[in-house]
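Some notes on the structure that comes next.
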Amino acid sequence: MSGTGKTRERIKAKAWMVLNRIRQVDIQKALDFTHDTQVTETLRGIRNNRAVLQYLLDAGCPADYLHLPEDMKQPTERTAQ
């Protein structure tokens, strides 16, 4: 598999969400999505929905679980790779 999202640490991100009492439907409602498809597919690495990724980052999810697209990485993350 290639692409940034394909290597997303889905299980770690989901475990982090459970520990922090964040459900996919919570993200869906917060971002005013009609369905949670964008959330599900972003967590699975099928999509790189930046709103979902930013929501998780803002909530405190470790960036290394999310394997962010280049344009969302901090400058220090870009140079470390």
Residues of type aspartates and glutamates that K12 reaches as a straight line, Cα spacing below 15 Å, ignoring anything fewer than 8 places off in the same chain: D64
In nm, spacing of pseudo-spin labels at D64 and N20 (7 Å Cα→C-beta vector): 1.6 nm
Rule-of-thumb Rg ratio for region 5-80 [Cα; 2.2 N^0.38 Å; N residues]: 1.03
Estimated distance in nm for a label pair at T7 and R47, the labels positioned 7 Å out from Cα along Cα-to-Cβ: 2.4 nm
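FYI, it's all coordinate maths here, none of it is from the lab. Quick caveat: nothing in here was measured; it's all calculated off a predicted structure. Ideal geometry is used to build each Cβ from the backbone, glycine not excepted, and the neighbour counts take in all protein chains shown.
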